[in-house]
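The values are calculated or read from the model by the stated rules, or taken from the named source; none is laboratory data. This one's a predicted model, so the numbers in the text were calculated from it and none came from an experiment. Cβ coordinates were reconstructed from backbone atoms using ideal geometry, including for glycine residues, and neighbour counts include every protein chain displayed. Heavy atoms of the whole protein, side chains included, go into the accessibility calculation; ligands, DNA and RNA do not. Shrake-Rupley method; radii C 1.70, N 1.55, O 1.52, S 1.80 Å.
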Amino acid sequence: MTTISENSQYLRLLGEQVGHELAAHLQYVAIAVWFDSHDLPQLAAHFYRQALEERNHGMMIVQYHLDRSLPVKIPGTPEVRNDFADVIEPLQLALDQEQQVTRQIEAIFRAAREEGDALGEQFLMWFLEEQVEEVAAATTLVAVAKRAGDNLFDLENYVARETIGDSGESAAAPRVAGGAL
């Protein structure tokens, strides 16, 4: 088994990712609450589910740390955005956030590869695949919202009718510390 150095870029980035995932969790809760307060229950439900999925992602990384006897710290999270001018803004924020997380996961993967940590690379493969799905789903929601324009019933009907993403369900997903919610 590869021993990870205390100066490991991989370990530093992976630890930071716990905070990024938990921050995404809170941002998605804020987005869900905004949609709920604007009587858009389908979008609210979607983002409440997304919030749990992001929480679970963070706790998967925690479980990985525990499984490999690596030190783990739960970082604080930054403030979230709660106010939006229209429906597009929170959807665009979600897309931007998923694109940022993709860049972060790619950087962690590169660090694992550079440090010769095959177990780290293997762990991150699931996250890379998950990010493809997350970005695609967020991109589609933004596009559908723009096409729907002011007719939010069309957007709500789309969300109710279509499967958006994988709902956080994957048999290949890493274990979640404390259990998946």
Of those in the stretch 24-65 that are touching a Gly at 6+ places or on another chain (Cβ under 9 Å) and of a type in the set (A, V, I, L, M), the residue most open to solvent (accessible area, probe 1.4 Å) is 52
For the stretch 30-44, enumerate the residues that are assigned to a helix (DSSP H, G or I), in contact (Cβ under 8 Å) with a residue 24 or more places away in the chain and under 21 Å from residue 158 (Cα atoms). 31, 33, 34, 35, 41, 42, 43
Since residue 92 meets every condition but one in (1) open to solvent by less than 20 Å² (accessible area, probe 1.4 Å); (2) modelled with pLDDT of 95 or more; (3) over 10 Å from the mean Cα position of the chain (by Cα), which condition does it not meet? (1)
I'd like the full set of residues that are farther than 13 Å from residue 9 by Cα, open to solvent by less than 40 Å² (accessible area, probe 1.4 Å) and not acidic (Asp, Glu), limited to the stretch 106-140. 123, 124, 126, 127, 131, 135, 137, 138
If a residue has to be modelled with pLDDT under 75 and either over 19 Å from the mean Cα position of the chain (by Cα) or among the small types (Gly, Ala, Ser) (or both) to count, how many in the stretch 145-171 make the cut? 5
Determine whether the stretch 151-168 contains at least one residue that is under 29 Å from residue 5 (Cα atoms) and surrounded by fewer than 17 Cβ atoms within 10 Å (Cβ to Cβ). no
